[in-house]
1. For the stretch 122-147, how many residues meet the condition of being among the basic types (Lys, Arg) and buried (at least 18 other Cβ atoms within 10 Å of the Cβ)?
2. Does residue 8 satisfy the condition of being hydrophobic (A, V, I, L, M, F, W, C) and either farther than 19 Å from residue 65 by Cβ or open to solvent by less than 30 Å² (accessible area, probe 1.4 Å) (or both)?
3. Which numbered condition in (1) farther than 24 Å from residue 28 by Cα; (2) aliphatic (A, V, I, L, M); (3) open to solvent by 10 Å² or more (accessible area, probe 1.4 Å) is the only one that residue 106 fails?
4. Considering only the stretch 148-180, state which residues are surrounded by fewer than 20 Cβ atoms within 10 Å (Cβ to Cβ) and touching a Gly at 6+ places or on another chain (Cβ under 6 Å).
5. Mind listing just one residue for me: the one in the stretch 7-48 that is free of Cβ contacts under 8 Å to residues at least 12 places away in the same chain and among the aliphatic types (A, V, I, L, M) and, of those, farthest from residue 130 (Cα to Cα)?
6. Test of understanding: among 172, 155, which residue is more than 21 Å from residue 89 (Cα to Cα) and in contact (Cβ under 8 Å) with a residue 40 or more places away in the chain?
7. Just to be sure, is residue 29 over 13 Å from the mean Cα position of the chain (by Cα) and loosely packed, with under 13 Cβ neighbours inside 10 Å?
Amino acid sequence: MGIKGRTALVCAASKGLGRACAMALAAEGVNVVITARGKEALEATAGEIRKATGVNVVAVAGDITTPEGRAAALAACPQVDILVNNAGGPPPGDFRQWDRAAWIAALDANMLTPIELIKATVDGMMARGFGRIVNITSSAVKSPVDGLGLSTGARSGLTGFVAGLARSTVARGVTINNLL
């Protein structure tokens, strides 16, 4: 893929899609900084990636949806070439039961956190003429599912934001895509 030697920040990488992304990037020779809330699972994943690929792996335990979690991850990865935004989705339910706090939490985790990480990394990527940003969202963005309104609403907002931003970053070597 021509990305050997690059550095990636992969969020929510102790399991699932985040882990798979981190492993795939490491298999291509990319050094990875991985984040997740669960320190034990994160450290185990870091060890498995190191053993399988031999690349440099840094594990940063913390909640990426908080300013402190983002600051810790970015401090461990001062030059992000590849950013994989990922966070667990809010719980399903009936929209009649969701109060403002539920909506704000969904927006913080699944729209505003990725935007904050993009804001923190995209200028450096453009200055270097290379960057890849992948946002793991949901297929419900394209085909909404009843009961997943918190997730769909926040992730649709991110998708719309990224569609506009990507048009201006691509000319400077930075692509931004969403994985549904």
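1. Here the count works out to 1.
2. Yes.
3. Every listed condition holds for residue 106 apart from (3).
4. Residue satisfying the conditions is 173 alone.
5. 20
6. Result of the check over 172, 155: 172.
7. Answer is no for this residue.
So that you can scan it fast, the table gives a plain yes or no per residue for (1) touching a Ser or Thr at 6+ places or on another chain (Cβ under 9 Å); (2) not in a helix (DSSP H, G or I):
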| residue | (1), (2) |
| --- | --- |
| 13 | yes, yes |
| 17 | no, no |
| 26 | yes, no |
| 29 | yes, yes |
| 32 | yes, yes |
| 40 | yes, no |
| 44 | yes, no |
| 50 | no, no |
| 59 | yes, yes |
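The values are calculated or read from the model by the stated rules, or taken from the named source; none is laboratory data. Everything numeric here is computed off the predicted structure, so don't read it as measured data. Cβ atoms come from the backbone with ideal geometry, glycine included; neighbour counts cover every protein chain shown. Please note that ligands, DNA and RNA were not included when accessible areas were found on the heavy atoms of the full protein model with its side chains. Shrake-Rupley method; radii C 1.70, N 1.55, O 1.52, S 1.80 Å.
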